[in-house]
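The values are calculated or read from the model by the stated rules, or taken from the named source; none is laboratory data. Bear in mind the structure is a predicted one, so any value in this text is a computation, not a measurement. Cβ sites come from the backbone with ideal geometry, for glycine too, and all protein chains shown count toward neighbours. Each accessible area value is taken on the protein alone, full model and side chains, heavy atoms only, with ligands, DNA and RNA left out. Shrake-Rupley method; radii C 1.70, N 1.55, O 1.52, S 1.80 Å.
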Amino acid sequence: MMANESRQYTSELPANLYYAAGVRELDRIAIEEQGIAGFELMSRAGQAAFDALRDLWPQARELCIFCGTGNNGGDGYVIAAVAEKAGFEAHCVQVGDVEKIQGEALIALNHAKEAGASFESFDPEKPYRGDVVVDALLGTGLTGSVRELYAQAIVAMNDSACPILAVDIPSGLCADTGTCLGSTAKAQATVTFIAMKQGLLTGQAPDYVGSLLFAGLEVPDEVLQQVAPSATLLSSRDVERWLPPRSRLAHKGQNGHVLVIGGDKGMGGAVAMAAEAAGRVGAGLISVVTRPQHISPILARRPECMVIGVDEGEDIALYLEKADVIVIGPGIGQQPWGQQLLRQALATDKPLVLDADGLNLLASWHQQADVMSQRVNWVLTPHPGEAARLLGSSVEDLMKNRFDAVSSLQQKYSAAVVLKGAGSLIASPQGDVSVSNSGNPGMASGGMGDVLSGVIGGLIAQGLALGDAAACGVWVHGAAADRATEQTGQRGLLATDLMPHLRRLVNQAGR
């Protein structure tokens, strides 16, 4: 959904992401240095949220607005005033000590009263209803656990069985990490203001944010330039930049040779999917080193591949030397066969993408300095379980702050790192972090990671820097899954369903 010219919000999200503290600093600069009154910003926020509500739920006429005692509650009071003037019925449920409300929030409260909104103190025993419930309880400043009264109010909102619009952020969600700090409002839509908070896009956030909308509140670009972003959000514009149209003189040698290594007994499909994905994103040549019994099936599926069968302990130096980039891990297992192949690959100076059991082997070898050989030209693509093993941590601790986790992995292994999951995070070799919000729950099926590793390898082969290839690959991979589910839905999505969409997406530049 796009905003029309009369609306002050959009579904197109800005590229720069910020910590909550950074957004507060932007707010301060806008008020103190640009002379924009704080209540003016609050009024713009409330109007933008109301515009979004009216567009999302055009039949709604009765609003139940849960208001806290801070500026987030002030936004809620503005919504109540605007709604009443538009002919809606706005009922404000006040949570917390109303006597603590001050500043712009108090002005907004008085405006809501003057407009005719109704008010009551929150009662945990009472059910609440409305055509739409507005969550204006807790803003981005929440860092500790949600206090009991607010937790009860959040439960009441969620139990209302009504659609919830979250103002700036769903109450209970950490704006920096995307983790739930106790009870958390489960919104159908969230309108966030001034700048994007990084925690809205990863961790547990995708289950609570709903449709994410943005309202910049007319804060000038010169304000936004005064605070450095903490991360960036990937989009199709990045793909167009990284993958411009090819020269008409291009030949296969210019598009790189990918060597995919893996597929122990019974796992030949993993290496086959990685190899095909590398080809579908444009690699010039693809070789596969796998178990001998997988040669015929792979060639039958993809005769364009060169497939080499390898038994225990064989030297693959010749094939490693011919490759421009190595993808290793899909289906490789953790037995001596896979260990021997991984050691040979790690001993080269070729760019390398490491996935699946290759990561688990690396985690078990982390005390052996010779294994990594001071390698810096590689990409690691762990899911949270693999990432926790690589860091010697637990999945529970890692998921408390995925941003810290991906940065820790990057620093520990001197690699570009993809931390997979809803809102995948990518850390470049320089330490810059990007977020991808492409993809959907249909990707929770076998083989998706194998396809991703092949995609990244295929992009490296074409000359993309490791961090760019990782970021581009993650976005394209997720976008292909989104396209593959447009007509048929998410359940039943298979990794190989992505292949035709991968090809279309990497050719979108110049369209």
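A crude spin-label estimate for the pair ASP315 and ASN377, with each label 7 Å from Cα along the Cβ direction, gives 2.2 nm. Amide hydrogen proximity for ASN16: with H placed 1.01 Å from N in the peptide plane, the residues at 5 or more positions away or on another chain lying under 5 Å are LEU233. Looking at the chain, the accessible area is 41 square angstrom per residue; that uses a 1.4 Å probe and ignores ligands, DNA and RNA. Note on LYS322: aspartates and glutamates with a C-alpha under 18 Å away, same-chain residues under 8 apart excluded, are GLU304, GLU314, ASP349. Between the C-alpha center of the range 37-55 and that of the range 442-486 there is a gap of 38 Å. In summary, the lysines within cross-link reach of LYS100, defined as a Cα separation below 29 angstrom excluding same-chain residues under 8 places away, comprise LYS85, LYS113, LYS126, LYS186, LYS197. Between the C-alpha center of the range 202-226 and that of the range 121-163 there is a gap of 22 Å.
Output the relative contact order of the chain, whole-number percent, from Cα pairs under 8 angstrom with separation of 6+ residues. If you can, show how the numbers build up before the last one.
On the way: 1168 pairs, mean separation 66.0, N = 511.
Relative contact order for the chain comes out at 13 percent.
Taking N as the residue count of the range 82-149, its C-alpha radius of gyration divided by 2.2 N^0.38 Å amounts to 1.21.
Please give the net charge around LYS252, taking every other residue with its beta carbon less than 13 angstrom from that of LYS252, where Lys and Arg add +1 and Asp and Glu add -1.
Values: positive: ARG246; negative: GLU304, ASP324.
Overall, the nearby charge balance is -1.
Remark: the range 309-326, residue by residue, has Karplus-estimated 3J(HN,Hα) of x, 10, 9, 4, x, 6, 7, 10, 4, 4, 6, 4, 5, 6, 7, 8, 8, 10 Hz, where x stands for each Gly or Pro and the curve is 6.51 cos²θ - 1.76 cosθ + 1.60 at θ = phi - 60°. The charge dipole of the chain, taken about the Cα centre with unit charges on the Cβ atoms of Lys, Arg (+1) and Asp, Glu (-1), comes to about 1620 debye, rounded to the nearest 20.
Amide H to amide H distances under 5 Å link CYS92 with ILE65, SER118, PHE119, GLU120, where only residues 5 or more positions off or on other chains count and H is placed in the peptide plane. Note on the range 364-511: dipole from Cβ charges, positive end direction compared against GLY449, LEU459, ILE426; the farthest Cα belongs to LEU459.
The Kirkwood hydrodynamic radius of the range 234-366, based on inverse pair distances between different Cα atoms, is 15.3 Å. Computed over the chain, the per-residue total of -39500 (n - 2.57) for DSSP H runs of n ≥ 4 gives a 222 nm mean residue ellipticity of -11500 deg cm²/dmol, rounded to 500.
Rounded to whole numbers, the Karplus 3J(HN,Hα) couplings from phi for the range 329-338 are x, x, x, 6, x, 10, 7, x, 4, x Hz, using 6.51 cos²θ - 1.76 cosθ + 1.60 with θ = phi - 60°, and x at Gly and Pro. Applied to the range 200-215, the Karplus parametrisation 6.51 cos²θ - 1.76 cosθ + 1.60 on θ = phi - 60° returns per-residue 3J(HN,Hα) values of 6, 10, 8, x, 7, 3, x, 7, 10, 7, x, 5, 9, 10, 10, 10 Hz, with x for Gly and Pro. Close amide-amide hydrogen proximity is noted between VAL310 and THR290, ARG291, each under 5 Å apart and 5 or more residues distant or on a separate chain (H modeled in the peptide plane; Pro and chain starts excluded).
For the range 350-476, the calculated P(r), taken from all Cα-Cα distances in 10 Å bins from zero up to the bin holding the longest distance, is 14, 49, 33, 4 percent.
Calculated FRET efficiency, SER118 and GLU32, Cβ-Cβ r, R0 22 Å, to nearest 0.05?
After rounding, the FRET efficiency stands at 0.05.
Please work out whether the range 1-158 counts as rounded, prolate or oblate from its C-alpha gyration tensor, where a ≥ b ≥ c are the square roots of the eigenvalues and a/c under 1.5 means rounded, while otherwise a/b larger than b/c means prolate and anything else oblate? Rounded is the answer for the range 1-158, as its axis ratio a/c remains below 1.5. Net charge near ALA83: determine it from the other residues with C-beta under 10 Å of the C-beta of ALA83, scoring Lys and Arg +1 and Asp and Glu -1. After counting each charged neighbour, the total is 0. Taking max minus min of the alpha-carbon positions on each principal axis, the range 215-290 gives extents of 57, 38, 19 Å, largest first. The label point for GLU218 and the one for ARG61, both projected 7 Å from the Cα toward the Cβ, are 3.2 nm apart. With semi-axes defined as the square roots of five times the eigenvalues of the C-alpha gyration tensor, the equivalent ellipsoid of the range 131-266 measures 40, 22, 14 Å, largest first.
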